[in-house]
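As structure tokens, the structure follows; a few thoughts come after it.
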Amino acid sequence: MNSELVSALGANLLSPAVLFFVLGVIATLAKSDLKFPEPLYTTLTLYLLVAIGFKGGVAIREAGLMQVWLPALGAILLGAAIPLWTYPVLRFGGGLSAVDAAAISAHYGSVSAVTFIAATNFLTQVSQPFEAYATAFLAVMEAPAIIVGVVLGKLALPREGRSLAASIRGAIHEAMLGRSVVLLVGALFIGWASGKRGAQMTEGFFVTPFQGILALFLLEMGLVAARRFGDLRKVGLFLAAFGIAAPLVNGCLGIGLASLVGLGAGGTMLMGVLAASASYIAAPAAMRLSLPEANPTFYLTAALAVTFPFNLTVGLPLYYALARWAVGNP
Amino acid sequence: MNSELVSALGANLLSPAVLFFVLGVIATLAKSDLKFPEPLYTTLTLYLLVAIGFKGGVAIREAGLMQVWLPALGAILLGAAIPLWTYPVLRFGGGLSAVDAAAISAHYGSVSAVTFIAATNFLTQVSQPFEAYATAFLAVMEAPAIIVGVVLGKLALPREGRSLAASIRGAIHEAMLGRSVVLLVGALFIGWASGKRGAQMTEGFFVTPFQGILALFLLEMGLVAARRFGDLRKVGLFLAAFGIAAPLVNGCLGIGLASLVGLGAGGTMLMGVLAASASYIAAPAAMRLSLPEANPTFYLTAALAVTFPFNLTVGLPLYYALARWAVGNP
Amino acid sequence: MNSELVSALGANLLSPAVLFFVLGVIATLAKSDLKFPEPLYTTLTLYLLVAIGFKGGVAIREAGLMQVWLPALGAILLGAAIPLWTYPVLRFGGGLSAVDAAAISAHYGSVSAVTFIAATNFLTQVSQPFEAYATAFLAVMEAPAIIVGVVLGKLALPREGRSLAASIRGAIHEAMLGRSVVLLVGALFIGWASGKRGAQMTEGFFVTPFQGILALFLLEMGLVAARRFGDLRKVGLFLAAFGIAAPLVNGCLGIGLASLVGLGAGGTMLMGVLAASASYIAAPAAMRLSLPEANPTFYLTAALAVTFPFNLTVGLPLYYALARWAVGNP
Amino acid sequence: MKRVTIVCESLAREPVTRLLQEVGAHGWTLLEVQGSGRQGLRLAEIPEFSNIQVDVIIPPAVTETLLQRLHADFFPKFAMIAYETDIRVLRPNKF
Amino acid sequence: MKRVTIVCESLAREPVTRLLQEVGAHGWTLLEVQGSGRQGLRLAEIPEFSNIQVDVIIPPAVTETLLQRLHADFFPKFAMIAYETDIRVLRPNKF
Amino acid sequence: MKRVTIVCESLAREPVTRLLQEVGAHGWTLLEVQGSGRQGLRLAEIPEFSNIQVDVIIPPAVTETLLQRLHADFFPKFAMIAYETDIRVLRPNKF
Ligand SMILES: Nc1ncnc2c1ncn2[C@@H]1O[C@H](COP(=O)(O)O)[C@@H](O)[C@H]1O
Ligand SMILES: Nc1ncnc2c1ncn2[C@@H]1O[C@H](COP(=O)(O)O)[C@@H](O)[C@H]1O
Ligand SMILES: Nc1ncnc2c1ncn2[C@@H]1O[C@H](COP(=O)(O)O)[C@@H](O)[C@H]1O
Ligand code: NA
Ligand code: NA
Ligand code: NA
């Protein structure tokens, strides 16, 4: 397994996607004025979410819902459960305030769509087939941890004006009707409804340029992540270490769960990646609105400046090696 | 014909393009914050107009101008004639003011490029060959009704400062040099001049991703159209009914004309779609500048919230069935 | 050679890329309101630079650095040398002030990436193979002339506050860490590091739509260039003539150099195009910051309203004919 | 010196900037904005139906002419508001 | 008449425009902006983490209510500044 | 409190924001704008040649320093205008 891990690591680090990410990091560190206009950022995320959702929907149609419901349920439960171990660790191990611990927990239980997409890219690259319907797990894992995190945070705060129930309703609304969930779930349905026919018609847009567009987007992610590196000093060593330890633990949990419910090596890795990834768009937005008392520097820096780069570069090949080992596919 | 209509209807409603439109409608109705940035809207329209214009120009080159001039002339006359029946109906049947009736008439005599593009997409999907040079009809049908509408409206208004001739010159300038006409006519010429060679060189951009990009754009159109649903109450039942009746009547006129000048089933349907469609960009812009006395809520709501969704979902398969029947191609 | 030149000229003028440029010019002259949103401009340049850089990097990897270093060194020296002849001509022949002469010289010694990309497009179109690693010459030719131009300009100005060395450091920073150099050099490295594998993965994005996207971008360049036509009166006949003579002379210098270092017909033409082209983004930005005393109307109008259109339409086929003649490939 | 701010539908762009030139302004600054008002919501999604804001710096004397022209010729036709602020400019002779 | 300008993180958009309606403003104008302040740099690259500026024209009486509500309910939660300028509007009865 | 507004070519962005920091401003708000002036039309099509507007809220004392520095170091080099408005801010101690 070791030499395989090394070669997968090399393949990943030399893939255009990861190299463009590194270019973005270097450009920011070298104080270049490179910057993506906001509409381009929005367009790229829109494209990636719709493309991955659509293809996932087509895959669900082919696999049948019977195949999907059990691992999807597992994914929901896993997402909701992750904050239950990260919260005490952050609160008592790291000495963070209750609200901050709750907010960070929400991020690590929720998921990063870009990390997931990069993982599917990685699997394509190493020619490993995977259950494309895993996009459904991505779609259902965004919300649960956010809701759990808000509950944990609100319980710790002195009860005022707005009731706990109202806060949770707010968080659910945010988590369910946010841009990313609407696009992903909507595209899943459309892929499911239009099936193979629809896939053929849109292949030239959703498939042909996909990998290149992902590479371009990761350039932007490199710029964005590196701008947060300066905050690493503010968040301290404990949180930086947490940003690497948490994905390792969660990745193992995800891989364990996936192999239990009988996914193949590809799907198992993807479940591991989902568990390991930390949200840096949906969760922060929900926290700003539902838990504004939490300090954004903590959760954004951990998720964006530590966990995301770690998963993208070292994490992906590692989870892949673990997934292959877990499903007994050496 | 009936069972065919049903199957065409089903194929249309389950196509990614229409499903993305529906997703946009649902997202707006569910109060999601999904919104396309303006530059993306502009880019998508630019792309669609240039791509369809270019391919149309290549097709004209192949068919020869001799094939094109007669139906194009028919299209111009039809566009100019439509306001002549819709104006009295709106004015006296619907009790609308003269300016409002004139403005609405301009919209229904003019055309919607997106509806046309969706129709070519529909024909591709049902594997029906069509005269690709029909894009020329799209190009020539935008202006005539706008000019007729402005004349009708100005005649009804008390003559002041600016003369009728000046207003009409203004409207002609608007209708001729607006963004959409420049792009469409320019791309038609370029397609014509660069021919098959040019088509091969740009195929990877103008053809490969076309259907997917159209689907993405229709998502945006769903968002935009649904935002107008709230105004339906303001415009009243008569105008809502007109928004469905007018395309049906105009569609039949277009189909009749096309079968007279000898187009095939595909081209006949496209002429029907052009007549049936109502402009919601070029005509409103021209009305705001040349007939500012007309109330935009009326014409925008009818064209965008009623006629466009109707044509896209139910209209296309219907005009197709009628066109096949009209050319005796059961 | 003559009849070949005519046919290459015809092929170029009827290519979609050049025709879209002409459409842009006409649209501006006809006072259409057609305008690209800024994020689209930025996205298109980003795409073109990354795509050409990436493909160039892959080509360097295949050719080996041994093939590339000598002509690249020649390119650097040529770029730095061009201002040495243009400066006295502008200063004493044209009677321009020392700062203006220095600034304009910087533009003509530096390069236009879009002209280079259009040249590769031209070569593809006439089925002429070329050394794709020539993108490396593009990357190294942007900075040298800018630095030489700033030095020339600063020497002519009364020494004040900021020292010459500081100005030059500023110009070097600008020239090295500007958006375009970062993207181009970064993508070159990525192409080189990820090699054939990487090229296959991103082909659907960096190759398939490339020519169409270039055509769309040239539409925008036509709009932008034509907006400067009005300034032609301000800059006078001498500078307008210089804007055509300079690329002809520099093109010959580039072609001569390239045939000396043993490039093929394609690479020789590209070196000619680089020498002939004048920068209109990187150099103006550097001049505004490092030589703000120079009048932007002069250098922008010459580079953008004269030299760029000339090279794009007439220059490309001409340099191609010359290059074929120079390498003895009639 | 005065700053006059005009917020209006983007279709009025041409006529408004022409008016500014006519009354003698030496420049203007233009922003694309979103807005809500009597004529409903304008989300700046479709360029033809979005809003612009034009800021123009002019001497007080010119302000009157400008506001009168806006009142007479523009307010009946376009969705528009306009207001004036007192400002102190650097290099007043420029305006 | 007064113009109140609010610069805040874009996530506050919904609550801020709702507040404006509650205090009785008849409209608002909204801009996407970049900014720097106590909460660091906001480059307007990711829409969720960028800044907006909302300008609202209201009678002086309403200003007080608005500023108080902002102070009580918004400043503790959002990255935000707010200020007021005296303006003279055309057609004051509109606001 | 004062609001100073600077409209200038976007290439001046770096030096202007550095200047604001130097004179002691605690923040700024930046907008991408189009403009017309002595140096011609700037349509905001190419980012390198477009305009920005920078608004900064500072105490009156700082205003003088800022305007002087702009006058001495910036106006000779960049296409630029600057003006000052009186404002009343919420939480003045922030600025
Ligand atoms: N009270 C207000 N405060 C700020 N901006 C306003 C106000 N009322 C209207 N506006 C702006 O002016 C535009 C046109 O206003 P209206 O004609 O009332 O729809 C709106 O879209 C807003 O951008
Ligand atoms: N002194 C200032 N002048 C102008 N704008 C400011 C100032 N301070 C803060 N801002 C704006 O208000 C936003 C929020 O401020 P803050 O909460 O201090 O980060 C910033 O992103 C800026 O856009
Ligand atoms: N009178 C004015 N009113 C408003 N903005 C102006 C005015 N004059 C100049 N500007 C702005 O300042 C920028 C630079 O001005 P200038 O240096 O005169 O070209 C212009 O592009 C406009 O955005
Ligand atoms: Na996770
Ligand atoms: Na019609
Ligand atoms: Na050159």
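Worth a mention:
- Count of region D:7-18 residues which are more than 9 Å from every other protein chain (Cβ to nearest Cβ) and either at positive phi or not charged (D, E, K, R) (or both): 3
- Within region A:73-100, the set of residues being among the hydrophobic types (A, V, I, L, M, F, W, C) and within 16 Å of ligand 4 (Cβ to nearest atom) comprises A:A75, A:I76, A:L77, A:L78, A:A80, A:A81, A:I82, A:L84, A:W85, A:V89, A:L90.
- When region E:52-68 is filtered for residues that are surrounded by 18 or more Cβ atoms within 10 Å (Cβ to Cβ) and farther than 20 Å from D:T5 by Cβ, only E:L67 remains.
- Candidates are the residues of region F:74-90 that are away from ligand 3 (no atom under 13 Å from the Cβ) and open to solvent by 70 Å² or more (accessible area, probe 1.4 Å); the one that is farthest from the other protein chains (Cβ to nearest Cβ) is F:D86.
- Condition check for D:Q53: of a type in the set (S, T, N, Q) and either closer than 18 Å to D:T85 by Cα or within 16 Å of ligand 4 (Cβ to nearest atom) (or both): yes
- Conditions (1) out of contact with any Phe, Trp or Tyr (no Cβ under 7 Å at 6 or more places or on another chain); (2) within 24 Å of C:L34 (Cβ to Cβ); (3) open to solvent by less than 30 Å² (accessible area, probe 1.4 Å); (4) modelled with pLDDT of 95 or more; number of the one not met by D:T17: (1)
- Looking at D:H71, D:H26, just one residue is facing chain E (nearest Cβ under 8 Å), farther than 17 Å from E:T29 by Cβ and open to solvent by 40 Å² or more (accessible area, probe 1.4 Å), and that residue is D:H71.
- F:V7 being at pLDDT 95 or above, within 14 Å of ligand 3 (Cβ to nearest atom) and surrounded by 15 or more Cβ atoms within 10 Å (Cβ to Cβ): yes
- Matching residues in region C:179-190 - criterion: being facing chain A (nearest Cβ under 8 Å) and in contact with a Gly (Cβ under 9 Å, 6 or more places away or on another chain): C:L183, C:G186, C:A187, C:F189, C:I190
- Entry remark, region B:206-230: residues being among the small types (G, A, S) and within 7 Å of chain A (Cβ to nearest Cβ) number 2 in total.
- Any chance D:L31 is of a type outside the set (K, R), without any contact (Cβ under 8 Å) to a residue 40 or more places away in the chain, at the interface with chain E (Cβ under 10 Å from one of its Cβ atoms) and surrounded by fewer than 20 Cβ atoms within 10 Å (Cβ to Cβ): no
- Residue among C:T307, C:T301 that alone is more than 16 Å from ligand 1 (Cβ to nearest atom), in contact (Cβ under 8 Å) with a residue 24 or more places away in the chain, more than 14 Å from every other protein chain (Cβ to nearest Cβ) and more than 22 Å from C:H173 (Cβ to Cβ): C:T307
The values are calculated or read from the model by the stated rules, or taken from the named source; none is laboratory data. Note that the structure is a prediction, hence the values are computed from the model and not measured. FYI the Cβ positions are ideal-geometry reconstructions off the backbone, even for glycines, and counts take in every protein chain you see. The area values use the complete protein model at the heavy-atom level, side chains included, leaving out ligands, DNA and RNA. Shrake-Rupley method; radii C 1.70, N 1.55, O 1.52, S 1.80 Å.
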